[in-house]
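The values are calculated or read from the model by the stated rules, or taken from the named source; none is laboratory data. Quantities reported herein were computed from a predicted structural model and do not represent experimental measurements. Please note: Cβ atoms are built from the backbone with ideal geometry, for glycine as well, and neighbour counts cover all protein chains shown. We work out accessible area using only protein heavy atoms, side chains counted, and drop any ligands, DNA or RNA first. Shrake-Rupley method; radii C 1.70, N 1.55, O 1.52, S 1.80 Å.
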Amino acid sequence: MSEKRERLRTLEMPRLRPRPLPPREEVVANQSRHFQTVKLSRGELGHWFHTPLDGGEWSEWGKRARPDAVGMTYMAVTEVCDRPVPEVQAYRRLMHSRFVKPSPRVPENLEERLAPKWGGAREIEEKYEVWIDDAGPLAEEALDRQWRPALSLRWEDMQRLPPPLERAFDQILTWLLQCEYFCSDAVGGYVGRLHYRFVEIKSYLAYEIFDYALHANALRKRLLSNGGGMGAQVEGFDAGLLEVCNEASQGFSGEVPRDFNAVVLAIDVWLNGVMLDLLRLAAAGARSEFDRRLLERVMQDCARHVSWGCKRIGCYLRDAPPEREAAERLHAVADRFEPAQVEGHLLNPRVLEPLALLLGGGPENAAAGWSVLREFWPQIGERWLARLDAVGLNRRDRCQVPTQPPF
Amino acid sequence: MSDFPSVDFFRVLQRRMNDNSDKFRALGFTDSRAVFAVRADDELEDDRYFGAVFEVYDCTEICELEASEVEAYDPDWILEADCADWREMIANIRAEGAADSDHTLNRLSLLGHPFRIHGVDQTRVDVFHRQQLSYQEFFDQAAEG
Amino acid sequence: MASIPTRREAAERYANLPQVRRWRDGNYEPGAWFNSDPESPESPWGNWGREFKPTRRGITTVDLNRAFDDVPDQGAGLVVDRGGGADAGATRWEYPLNQRYEVWAYNLESLLEEAISRQWSATSDLPWDKLEPLPDDQERAMCQFLSFLHPVEFTPTDILPHYMMRVDPSFPEVRQFMATQCADESRHMEAFGKRMFANGGGPGIEPTAEALLSMSADTLSSALKPEDHPDVIGPTNPRATWEFLGMSYSVQMMGEAVVLDFFRFGEFLGRNPCDKEMFRRVLQDEARHVSFGTMRIKYYLDHAPAEERERALEMLHYFASVDEATASGFGLLINPNVIEPFALMAAGSTGELDKGWDMVREFWAGCVEEYLARCDRAGFPRRDKCLIPREAPF
Ligand SMILES: [Fe+2]
Ligand SMILES: [Fe+2]
């Protein structure tokens, strides 16, 4: 392993070298002289207490959101809030609530030091790159539909399966686990690059990352407790996607734009869409109610990720300025990964064979399973195209996912 | 408040916790060994110590300990106060149905008085914070009945 | 960039894949994943015969790891979860964090299960209908405090995924715990943001920008300019590229520990069931993050090879000195836009401010003491080095 091969490229993680520090006495003296210490020593209340509630630096005094039927939702808050949608030009801050007015006491020439464009949450700061129309409801749904495994999974209902079926089921879960990590890794790096005025989106993405981890956690438990075990690594399931994601992020290094929407297209719309479809097959072939329920839970979350992806791509196509050439960029991304995905993923024996075994009910009946697969397989590409139609990206004469199974 | 401090008092809380597992299930697992220390004061002649073990959604053990036994009981955290302060907290829970704003475990213990939360290992004491909703709910059971 | 095949080329390619030809010929014999003896070393299958009977907790990572005891010292470099198998020639990736001592924490499994079992919703698990109007000055103080917490709470989620993706999948527990923290912080941001609009207060003034600008240069003297220490000056330098260990110290063990104490103080000061419950919920989560950071550092120091341990200790002490003296330690504790609202809330009214300041000073001492106790526990005692004054300097 002499050559370093990182999968998803990221910044170098350097070894830090301690440097000399001033003596403790000096630091303590500085601390007690610090203007904030001096200010606090006076025991008086500062600007936050004296700025006028109306027309000063305070915002929206007197607002009282009332919980709706679900609770205190983002929707309940935006009812009363003056700035429900982040229309304003991005301010130069890395960590900031969009509801708070930027301090007039921060000199403009220091703002760039406070919040450089590259390396943090200002990298992706255009509304058309991030926002969606129903950001609040999306974040709420992500939270409301989060499952609490202690309440929603009854492990005692797990049933033993005949070894061949356990093996096939475990192989599918092993594939799924890999998908979960890959999605999480590919999307994760963007959370910290999105501007803070899109809190609902940042929030949503954090929940999406959590979903992946929750799935991985539950799948691992199922794999290791029912007489089977972790199966065989599926190589190639991420073919094309890995390259697209690495190009989009540029390893998150350097002062170059990152293409968040390429990753949304690849991970949320495509990969989660494929996971959703293949899980429907696996659930159809699941032999126990517990197994089916487990997959249904995961499917519900995949469907939410797909729906976020579609909304995002739809808004991107609608709102991006023409010179961005959003549609052409997205086409180019899909052109890259579609053939590799068909070959490495949709025709991967370690994905299709266990599905066929489950659907047929066992190795002796594999042919029946294969005929279900054959019938279902074209739907994967069809649904992908239908979703893209719906968001305004017509790929019907460009798409490389066959409409007929080659097998 | 003749029932406090006593093993019986804590046993009642224990029984109610174990009968209410749905409520505690919604709050999450618990995992700790605790000691409730009641300090002698005008109302109580000698210090009293009660051990409790919390597992999953249950309180699985309540016992009274001698001062000399506390260390061997190996508690993750010790919640300690004068008898009068314990009684005030319990009276408040009984009057209000649950601890009011002035009588939550966190508030009572934040500044180290009137209650003190401590232990030999800060990271084990942190379990008290990590699972605090469950322990608050445990004491709030004093209100029922 | 590889050229893109035409549709026809692609279709031909798909049709000629060996497995596709087999399937077309009606040969459905599954591959080695199915046909090999799962126990044989040549099999690409992972492990077999794993059984576990659920307990009242269901099935937990704690129990599984206790039963199977299969956490390796070094990651396998695969893309599959721990225990999965691979073909002999499978690519081995070099994940930057692939040694157990670099990533693991004592109690990791129980922290993970606790995180999963204690998830909650800012929307529906807080008694929003039990908010009560506060006197104007109190609502104002609360909202100023919340204006600080609203964005600050999310910052770990900006950072954590950066490390998650570098951890070898042989250590899924570590990745998963960090993901739970991402969700926790998102929920905290959400709770505080909503609370600002729920009781008549509204967002206050910008809380941290000026403090951040002034902090490092002012307290560490001219001997230490931020540009000399590009890796550690935290929020004023977003390009900070921490090591994972440094992140666990700076973010989880120091910054979040101070914030944990803020939450405890917030609960202490809350005047109605909704505010109380909100702070109680967030402090539970926060205590978990702090535990993870502390126990991870301890695990590292207990298990790293001697030479690396020495280097790590040196770095941690350096980090601690810088952080204590600047933004995430001293800086957080003397930010007037945070501490003054505390004093006012503790006082109960402007007329009683002195009482409030006394309480803040008491709080300060307790906060520093707990931090020092955690450093002791983690294995890098700071009692004679700490650059946060034991007593409030005001
Ligand atoms: Fe937090
Ligand atoms: Fe946190």
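Points to keep in mind about this one:
- Residues of region B:1-45 satisfying the condition of being more than 14 Å from every other protein chain (Cβ to nearest Cβ) and of a type in the set (Val, Ile, Thr): B:Val7, B:Val12, B:Val35, B:Val38
- Count of region A:358-398 residues which are within 20 Å of A:Asp291 (Cβ to Cβ), of a type in the set (Gly, Ala, Ser) and in a helix (DSSP H, G or I): 4
- Summed over region C:20-33, residues that are at the interface with chain A (Cβ under 8 Å from one of its Cβ atoms) and either open to solvent by 30 Å² or more (accessible area, probe 1.4 Å) or modelled with pLDDT under 95 (or both) total 4.
- Of the helices (runs of 4 or more DSSP H) lying entirely inside region C:78-171, those containing at least 3 residues that are modelled with pLDDT of 95 or more and away from ligand 1 (no atom under 16 Å from the Cβ) span C:100-103, C:108-117, C:136-152.
- Residue count for region B:80-101, restricted to those that are in a strand (DSSP E or B) and open to solvent by 20 Å² or more (accessible area, probe 1.4 Å): 2.
Residues are listed down the side, and each one gets a yes or a no for (1) within 7 Å of chain C (Cβ to nearest Cβ); (2) farther than 22 Å from C:Leu332 by Cα; (3) surrounded by fewer than 20 Cβ atoms within 10 Å (Cβ to Cβ):
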residue: A:Pro20; (1), (2), (3): no, yes, yes
residue: A:Glu26; (1), (2), (3): yes, no, yes
residue: A:Gln31; (1), (2), (3): yes, no, no
residue: A:Lys39; (1), (2), (3): yes, no, yes
residue: A:Gly46; (1), (2), (3): yes, no, yes
residue: A:Leu53; (1), (2), (3): no, yes, yes
residue: A:Trp58; (1), (2), (3): yes, no, no
residue: A:Arg66; (1), (2), (3): no, yes, yes
residue: A:Thr78; (1), (2), (3): no, yes, yes
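- When A:Glu247, A:Glu208 are checked against the criterion of being crowded, with 23+ Cβ neighbours inside 10 Å and within 26 Å of A:Leu94 (Cβ to Cβ), A:Glu208 stands alone in meeting it.
- Residue in region C:275-282 that is touching a residue at least 12 places away in the same chain (Cβ under 8 Å), more than 16 Å from ligand 2 (Cβ to nearest atom) and touching a Lys or Arg at 6+ places or on another chain (Cβ under 9 Å) present: yes
- Cross-chain or 6+ apart pairs with Cβ under 7 Å, region C:43-58 first and farther than 15 Å from A:Leu219 by Cα and more than 7 Å from every other protein chain (Cβ to nearest Cβ), then open to solvent by less than 60 Å² (accessible area, probe 1.4 Å) and acidic (Asp, Glu): C:Thr55/C:Asp63
- Search result, residues across region A:324-340 that are within 17 Å of A:Gly314 (Cα to Cα) and of a type outside the set (D, E, K, R): A:Ala326, A:Ala327, A:Leu330, A:His331, A:Ala332, A:Val333, A:Ala334
- Qualifying residue in region C:187-201 (condition: at the interface with chain A (Cβ under 7 Å from one of its Cβ atoms), within 13 Å of ligand 2 (Cβ to nearest atom) and open to solvent by 10 Å² or more (accessible area, probe 1.4 Å)): no
- Residue ranges of strands (runs of 3 or more DSSP E) in region B:1-79 with at least 1 members open to solvent by less than 20 Å² (accessible area, probe 1.4 Å), out of contact with any Asp or Glu (no Cβ under 6 Å at 6 or more places or on another chain) and at pLDDT below 95: B:30-39, B:48-56
Here's the yes/no breakdown for (1) surrounded by fewer than 24 Cβ atoms within 10 Å (Cβ to Cβ); (2) at the interface with another protein chain (Cβ under 7 Å from one of its Cβ atoms); (3) within 22 Å of A:Met75 (Cα to Cα):
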| site | (1), (2), (3) |
| --- | --- |
| C:Pro133 | yes, no, yes |
| C:Cys143 | no, no, yes |
| C:Leu149 | no, no, yes |
| C:Ala179 | no, yes, no |
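- The listed residues are A:Arg336, A:Arg324, and the only one of them that is within 11 Å of another protein chain (Cβ to nearest Cβ) and not aromatic (Phe, Trp, Tyr) turns out to be A:Arg336.
- Among the residues listed as C:Ala257, C:Ala306, the single one being among the small types (Gly, Ala, Ser), more than 13 Å from chain A (Cβ to nearest Cβ) and in contact with a Gly (Cβ under 9 Å, 6 or more places away or on another chain): C:Ala257
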